[in-house]
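K.L.:
One structure follows; several queries about it will come next.
The values are calculated or read from the model by the stated rules, or taken from the named source; none is laboratory data. Treat the numbers as computed from the prediction; the structure is a model and nothing was measured. Cβ placement follows ideal geometry from the backbone for every residue including glycine, while neighbour counts extend to all protein chains displayed.
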Amino acid sequence: MSKKTDLPNIKRRGFLKGAGLAGAAALATPLKAVAAQSAAPARNPVPLPNRAAETQVPPAMESLTVGRSGSDFMIDCLKSIGFEYMAANPASSFRGLHESLVNYGGNKDPEFLTCSHEEVSAAMGHGYYKIEKKPLCIFAHGTVGLQHATMALYNAWCDRVPIYCVVGNTAAVEERRPGIEWNHTAQDTALIARDYTKWDDYPATLQHFAESTVRAYKIAMTPPTLPVLIVADGALQENPIEEGAKLRIPKLPEVAAPQGDSGAVAETARMLVNAEHPVLIADRYARTQEGNDRLVELAELLQCAVVDTSARLNMPSRHPLNQSGRARGQVRAADIILGLEMSDYWASLNSYRDQLHRSSESLQRAGSKTVHLGSGDLYIKSNYQDFQRFADVDLAIAADAEATMPALIEQVKRLITPAQKANFEARGKKFAADHLADVQRARSDATYGWDASPITTARLSMEVWAQIKNEPDWCLASPTSTFSYWPQRLWTMDKNHHFLGDGGGMGIGYCASASCGAALANRKRGRLTVAIQPDGDLLMTIGVLWTAAHHKIPVLWVVHNNRGYHQEVMHVQRVAARHMRGLANAHVGTTLRDPNIDYAKVAEGMGCAGIGPITDPKDLAAALRRGIDIVKRGEPCLIDVVTQGR
Amino acid sequence: MNTILRASAVLVVTLVAGAAALAQGAAPSGDAARGKQLYTTIGCSYCHGTVGQGGGGRTGGLRLANMGIAFPAFLNQLRQPQDEMPPYVASVVPDKDVADIYAFVSSLPPPADVKSIPLLNP
């Protein structure tokens with residue numbers, strides 16, 4: 001038995017490049033020795049010290065060291081992509097890569113970011129991409145590490161965000177250590193994540209790894225941008241590079257996004273220009289600032305309404321044509337609707353009522369036309385239902401909306417007549433008046449409960465806004481749905497990085513880590529990163545506080561501490577009411593009280609500055625100023641604010 | 001099926017109750033202090049906020065403070081809600097409790113003038 005298992009191992013070690021004693025002679029003796037040991041009767045199963053071996057110079061030695069391993073080359077491959085960082089919880093299945101990264105690779109480009117959970121690593125990648133526009137590399141342990149990472153990968157998948165995931169695994173049985181390594185090995189490692197990764201591969205050779213590394217990057221960055229996964233075999237990592245091996249890393253391509261069919265784009269332009277009431281709805285549309293600028297240009301040419309779903313910052317929040325507060329009315333009034341990268345077009349075009357008998361109805365007026373321009377149709381999978389309900393669309397253009405926008409704008413410019421231009425201007429004035437009225441109403445709404453405790457989310461939002469609006473540059477890295485979209489209603493957000501949208505799959509645990517990832521990318525830009533951080537989300541991946549402290553990632557988490565999973569409180573209450581039962585138990589399983597969590601203390605324990613809990617709204621301004629000062633010194637800070645539910 | 005039938009029966013009862021209340025027109029006298037307690041314990045505050053400020057956006061309840069809604073409409077919305085608000089039948093929230101909650105909501109003071117709050121003025 002031992003002969004069968006040991007022989008290939010020794011043979012493998014025989015061609016070590018740079019080994020202490022390499023060559024045929026060195027190989028021959030250990031082989032003979034092993035054979036002799038196997039033939040001898042096993043009188044005592046406990047190995048005894050071999051005094052002769054310890055005191056005499058052996059004729060030849062087994063090669064136990066290696067000058068350059070496969071993992072060194074693998075790091076070269078990853079360096080060729082240009083990754084700045086690699087986030088991971090350390091794990092034996094990628095120990096070769098880990099060691100090569102920190103020693104051979106100098107722990108630079110990429111630099112190892114220590115994470116307490118793979119969900120932190122992946123969610124950091126989610127936020128990082130939204131600023132950097134390049135994926136973060138993460139390493140994950142075979143099986144268990146990838147299992148931890150999956151929810152965050154799924155969030156990124158739903159949000160069209162690429163994450164570059166490298167997972168350790170050891171295919172050959174004789175290469176696995178008995179016990180735990182088997183638990184951390186899978187026949188098809190990527191299977192668990194295949195439904196929400198765009199492409200995966202398990203390279204069998206180093207050359208294969210080189211090609212798959214570059215291929216994965218190209219696939220991830222081609223819209224629809226999505227996560228990818230490469231399995232790095234343990235033996236491939238740790239074995240020496242074969243002498244004379246001719247390894248080559250392919251060129252890293254520039255990736256051009258696919259543009260829409262020219263005829264379809266021209267037809268869309270014709271419909272928009274000739275419409276009485278065209279409406280643009282933008283969802284996961286603006287990948288870059290250029291996308292924002294082009295949307296504004298198109299809207300201003302047409303003087304039409306724009307509805308921003310808040311999946312990204314698509315349209316400046318205070319632009320007069322931003323009609324997001326009147327989304328349903330705009331859909332009802334529209335005779336042509338152009339959806340841009342819609343993840344749930346149906347929900348924008350229909351109303352839906354969550355009562356015992358669920359019902360829905362179309363919001364569109366008779367004869368209204370619908371166009372969709374988006375890359376979602378270019379790549380779709382079956383199992384997970386994130387593609388949402390099928391919407392009635394008259395013209396579907398499968399292409400990247402941002403890349404197609406210049407061509408659409410040119411067509412619109414070409415078609416608009418002087419008479420139409422005058423009509424459009426009158427239309428725009430009406431929208432501008434409506435927008436102003438919406439802002440005034442939001443200001444009025446915010447006054448209710450202004451001095452209340454728990455603190456209203458309107459007060460919290462406006463106190464944060466008062467402190468950041470005069471900063472040279474800033475980024476709100478948290479979704480806003482849990483605090484009633486106050487920033488969209490009252491802040492001036494006009495840059496792509498001012499708001500990063502939502503978490504895609506809405507798996508809880510996105511915000512804290514994604515905002516840390518965004519702050520990592522914002523750090524070199526000198527940009528202040530703020531997250532209004534839900535408490536339940538924070539608890540999911542609270543270890544990210546330590547990662548931020550350890551790596552000096554400056555982020556201000558303002559905890560929206562409503563002491564519960566408030567969405568779920570409302571769901572349980574809804575069903576209890578539907579079942580005609582008492583409402584006294586909706587808090588069971590949904591609230592985070594008894595004891596209340598002191599997040600400032602938790603933060604202090606993690607090495608972050610912690611402030612709070614703040615219960616009096618009059619204390620907010622000073623706490624925020626103090627927190628921002630800390631963050632501007634290059635450190636993370638958490639402010640715990642006890643808030644209303646929504 | 002039984003659930004549907006039961007719910008339908010309740011709807012009929014609540015519609016009748018709502019219609020009766022509508023016919024009455026005027027608000028019954030309610031205990032605002034008790035209403036405040038009920039407002040919290042039965043969970044109105046979850047969606048509408050502890051001071052009736054509303055949840056805002058697409059996920060919260062409407063503002064109740066200073067809403068200027070008549071009691072019959074308030075009761076009817078509770079029993080037979082429009083849109084997505086959960087239905088609260090009389091066996092769960094009796095008319096007396098509704099009247100008390102209404103008294104509390106009606107007692108909420110109007111907010112400060114927006115012009116008096118510097119943070120709400122650009």
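K.L.:
For region B:39-122, please list each of the helices (runs of 4 or more DSSP H) lying entirely inside it that holds at least 1 residues being touching a residue at least 60 places away in the same chain (Cβ under 8 Å).
P.N.:
In region B:39-122, B:71-79, B:95-107 are the helices (runs of 4 or more DSSP H) which contain 1 or more residues that are touching a residue at least 60 places away in the same chain (Cβ under 8 Å).
K.L.:
Moving to a separate point now. For region A:549-570, give me each residue that is of a type outside the set (A, V, I, L, M) and more than 10 Å from every other protein chain (Cβ to nearest Cβ).
P.N.:
A:H550, A:H551, A:K552, A:P554, A:W557, A:H560, A:N561, A:R563, A:Y565, A:E568
K.L.:
Moving on. So, of the residues in region A:259-294 that are among the hydrophobic types (A, V, I, L, M, F, W, C) and touching a strand residue (DSSP E or B) at 6+ places or on another chain (Cβ under 6 Å), which turns out to be nearest to A:D502 (Cα to Cα)?
P.N.:
Taking the candidates together, the pick is A:A282.
K.L.:
Give the residue, chosen from A:R294, A:R358, A:R284, that is over 29 Å from A:A426 (Cα atoms), within 29 Å of the chain's Cα centre (by Cα) and either among the aromatic types (F, W, Y) or assigned by TED's automatic domain parsing to the domain that holds A:P418 (or both).
P.N.:
Of A:R294, A:R358, A:R284, the one residue that is over 29 Å from A:A426 (Cα atoms), within 29 Å of the chain's Cα centre (by Cα) and either among the aromatic types (F, W, Y) or assigned by TED's automatic domain parsing to the domain that holds A:P418 (or both) is A:R284.
K.L.:
Could I ask something else about it? Going by the structure shown, is A:K552 charged (D, E, K, R), out of contact with any Pro (no Cβ under 9 Å at 6 or more places or on another chain) and either assigned by TED's automatic domain parsing to the domain that holds A:E635 or over 30 Å from B:E84 (Cβ atoms) (or both)?
P.N.:
Criteria not met by A:K552.
K.L.:
If you don't mind, another one. Check A:A432 against each of (1) within 13 Å of chain B (Cβ to nearest Cβ); (2) touching a residue at least 60 places away in the same chain (Cβ under 8 Å) and name the one condition it does not meet.
P.N.:
(1)
K.L.:
Looking only at strands (runs of 3 or more DSSP E) that lie completely in region A:308-389, which have at least 3 residues being away from chain B (no Cβ under 14 Å)?
P.N.:
Per the criteria, A:336-340, A:369-374.
K.L.:
Among (1) at pLDDT 95 or above; (2) surrounded by fewer than 20 Cβ atoms within 10 Å (Cβ to Cβ); (3) within 14 Å of chain B (Cβ to nearest Cβ), which single condition is A:P487 missing?
P.N.:
Only one criterion in (1) at pLDDT 95 or above; (2) surrounded by fewer than 20 Cβ atoms within 10 Å (Cβ to Cβ); (3) within 14 Å of chain B (Cβ to nearest Cβ) is unmet by A:P487, namely (2).
K.L.:
If you don't mind, another one. Please state which one of B:D113, B:D83 is modelled with pLDDT under 95 and facing another protein chain (nearest Cβ under 10 Å).
P.N.:
The unique qualifying residue is B:D83.
K.L.:
Return yes or no: is A:L545 surrounded by 15 or more Cβ atoms within 10 Å (Cβ to Cβ) and within 14 Å of chain B (Cβ to nearest Cβ)?
P.N.:
No, not satisfied.
K.L.:
Taking only pairs six or more apart or across chains, which ones have beta-carbon atoms under 9 Å, a first residue in region A:592-611 that is free of Cβ contacts under 8 Å to residues at least 24 places away in the same chain, and a second residue that is among the charged types (D, E, K, R)?
P.N.:
Listed pairs, sorted by first residue: A:K601/A:D640.
Per-residue answers, yes or no, for (1) crowded, with 22+ Cβ neighbours inside 10 Å; (2) within 14 Å of chain B (Cβ to nearest Cβ); (3) not aromatic (F, W, Y); (4) not in a helix (DSSP H, G or I):
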| residue | (1), (2), (3), (4) |
| --- | --- |
| A:V602 | no, no, yes, no |
| A:G607 | no, no, yes, yes |
| A:D619 | no, no, yes, no |
| A:R626 | no, no, yes, no |
| A:V631 | no, no, yes, no |
| A:E635 | no, no, yes, yes |
| A:L638 | yes, no, yes, yes |
| A:V641 | yes, no, yes, yes |
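K.L.:
Which condition does B:C47 not pass, out of (1) facing chain A (nearest Cβ under 7 Å); (2) touching a Ser or Thr at 6+ places or on another chain (Cβ under 8 Å), if it passes all the others?
P.N.:
Among (1) facing chain A (nearest Cβ under 7 Å); (2) touching a Ser or Thr at 6+ places or on another chain (Cβ under 8 Å), the lone unmet condition for B:C47 is (2).
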